[in-house]
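Taking it in order: structure first as C-alpha cells, then the write-up.
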Amino acid sequence: MAGSNGPFAAGVLCLLIAFLTLPILALKPRKFAVVYTMGSLLIISSFALLHGPLTHLKHILSRERLPFTVAYLGSLIATLYFVIVVSNFFSSSIGDTSYLHYTD
C-alpha cells in the first residue's frame with residue numbers, strides 16, 4: 001500500500017498543475033495535455049501498484065471494461081499526437097476534450 005502513495009501523490013500534483021494551467025489552455029495546449037496525461041497515468045499506475053499489476057491489467061482488459069480502456073488509451077494517444085506531433089490548436093483541443101470526457 002505504501003508503494004502506491006508516491007505515484008498517487010505525484011499524479012494528484014500533476015492534475016492540480018494541469019487545472020491551474022486551464023486559463024492559458026488557448027496559448028499552451030501542449031503543457032496542459034502533457035501534464036494532465038502524466039497525472040492520469042501516475043494515478044492509474046498507483047492503482048496498479050495497489051491491486052497488483054497483473055490483477056489490474058486483467059481488470060482493465062476484461063470484457064466489460066475493454067471498450068472503456070480502448071477509448072481511454074485512444075484519446076490519450078490522440079491527444080499527445082495532436083499536441084506534440086501535429087501542433088495544431090484546433091486538433092489538440094478536440095483531443096483534450098475527448099480525453100477529459102473519458103476520464104470522468
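For the reader, a short list of remarks on this structure follows.
- Only helices (runs of 4 or more DSSP H) whose full extent lies in the stretch 1-102 are considered here, and the ones with at least 2 residues that are modelled with pLDDT of 80 or more and out of contact with any Pro (no Cβ under 6 Å at 6 or more places or on another chain) are 2-20, 29-51, 53-60, 66-80.
- Residues of the stretch 1-34 satisfying the condition of being over 24 Å from G52 (Cβ atoms) and not hydrophobic (A, V, I, L, M, F, W, C): T21, P23, K28, P29, R30, K31
- Near pairs, Cβ below 8 angstrom, 6+ apart or cross-chain, from the stretch 3-16 (loosely packed, with under 13 Cβ neighbours inside 10 Å) to any residue that is among the acidic types (D, E): none
- Residues in the stretch 22-47 that are more than 20 Å from S75 (Cα to Cα) and without any contact (Cβ under 8 Å) to a residue 24 or more places away in the chain: P23, I24, L27.
The values are calculated or read from the model by the stated rules, or taken from the named source; none is laboratory data. None of the values given here were measured: they were computed from a predicted structure. Glycine gets a Cβ as well: all are built from the backbone with ideal geometry, and neighbour counts include every protein chain shown.
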